[in-house]
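Can you keep this structure in mind? I'll have questions shortly.
All of the numbers you see were taken from the coordinates with simple rules; none came from a lab. Bear in mind the structure is a predicted one, so any value in this text is a computation, not a measurement. Because the Cβ atoms are built from the backbone with ideal geometry, glycine has one as well, and the counts that use them run over all protein chains shown.
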Amino acid sequence: MTLHELFDAARQPPHTLSVPSHWSQGRAAYGGLMAALLYEAMGCHAPVDAPLRSLTVTFVGPAQVGAPIHFEPQVLRRGKSVTSLLCIARQNGEIVTTAQACFGAPRASAIAVTARPAPGLPARDRCAQVRAQGGWPAYLEHLEMYWGLGGMPFSGTPSPAIGGWMRLPETESDQPLDVARLIVLADAWPPAVLPHLNGPAPASTLSWTLECRQPLPAIGAGQWLQYEAVVEHAADGYGHAAAALWTETGELVALSRQTVTVFG
C-alpha cells in the first residue's frame, strides 16, 4: 500500500488496515506512520474551520506489521473555538497506540511571539545521508534524510542536539506537505539521547507531542525541511527532548516533545 492508500484506509470506515513491513521500525510499525494514521482516522470528526494545533500520541505497545489494526475515533468535546478528539488503535483486541488531538479556530489576540530561528545547518552535500540499511529502520526507504548536527546514534558523542535535513521525495508523495505527511516526517529522527551511548541498546518512544504552527507554510512536493532536537534531561533510563522543524528557508513549521525509554 502507498502512503495515500494507507491514509485512505484509516480515514474511511471500518478504519481498519495492516501496516506493510517496509514501514517497520524494528519489530513494530513506524511510530510516525501510526501517529499519522490516528490523525487521519479522526478526520471524520475534525472541524473544517479549525486546523490541528496539537497532537499527543502515547505508544502503549508495539503495533505489529502485517496484522490488522483497527482505529476508533471519537469526539471528546466540541467547544466554541476548540474541538478535542481521541483515537485509539487496537490490534488483536489490545490497545497499541492512542492519540488526542486539539483543533482550534483562529481568533484575534494581542500576543504575537516570533519563533526562534532555524539552527543554520550545513549544506546537504556536507551532511551524511541516512539510508534504510546497516541497522537503520526499514521505513527510511520512504524518506530522504541527511544528518548534519550532533553525533550519530550509539557513537558515544555527548552532544546536546541532533539535526539535519529531511523530506518526502516526490516518488512517495506528489502532494504538497499536509499535516498527515508532516506527522510522518516529524517523528523520523531517532531519539536525541542515542548518540550518548557507546553501543547499540534498545530504545522506544513512550509519548510524543507535535504542535503545528497554523496556517502551515506552503511546502511543495519534494521540498526539504530542517530539523533540530535538543536533549533537555535524561536519567534513570528515560530521556526528554524538544524539537522543531523549519522550511528550507527557515520558517517555523512545527514544534515537538518526546519522552523515550532507553535500555542502556
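Any idea what the dipole of the range 1-105 comes to, in debye rounded to 20, about its Cα centre with Lys/Arg Cβ at +1 and Asp/Glu Cβ at -1?
Result for the range 1-105 is approximately 320 debye, rounded to the nearest 20.
Cα gyration tensor of the range 40-154, axes a ≥ b ≥ c as square roots of the eigenvalues: rounded (a/c below 1.5), prolate (a/b > b/c) or oblate?
Note, shape of the range 40-154 comes out oblate.
Compute the signed sum of charges (Lys and Arg +1, Asp and Glu -1) over the other residues within less than 14 Å, Cβ to Cβ, of ALA50.
Once all neighbours under 14 Å are counted, the net charge is +4.
With a ≥ b ≥ c the root eigenvalues of the C-alpha gyration tensor of the range 1-105, is it rounded (a/c under 1.5), prolate (a/b larger than b/c) or oblate?
Prolate.
Okay, next question. Would the range 67-135 count as rounded, prolate or oblate if I go by the C-alpha gyration tensor, calling it rounded below 1.5 in a/c and otherwise prolate when a/b exceeds b/c, oblate otherwise?
Here the range 67-135 falls in the oblate category.
Turning to a different aspect of this structure: Grab the other residues whose beta carbon is less than 14 angstrom from that of ALA180, score K and R as +1, D and E as -1, and report the net.
-4
OK, next. Cβ neighbours within 10 Å, averaged per peptide: list 31-37, 145-151 in order, most packed at the top.
31-37, 145-151
I want the local charge near TRP208. Using Cβ-Cβ distances under 10 Å, sum +1 for each Lys or Arg and -1 for each Asp or Glu among the other residues.
Computed value for this residue: 0.
Next question. Can you match Rg and Dmax of the Cα atoms in Å to one of these, (i) 17.8, 51; (ii) 18.2, 58; (iii) 19.7, 66, based on a calculation from the structure here?
Calculated Rg and Dmax of the Cα atoms in Å: the matching label is (i).
Here's another thing I want to ask about it. By per-residue mean of other Cβ atoms within 10 Å, what is the highest-first order of 224-231, 165-172, 112-119, 95-102?
Result, highest mean Cβ count within 10 Å first: 224-231, 95-102, 165-172, 112-119.
If you place +1 on the Cβ of every Lys and Arg, -1 on the Cβ of every Asp and Glu, and leave all else neutral, what size is the dipole of the chain about its Cα centre, to the nearest 20 Debye?
Around 560 debye, computed over the chain.
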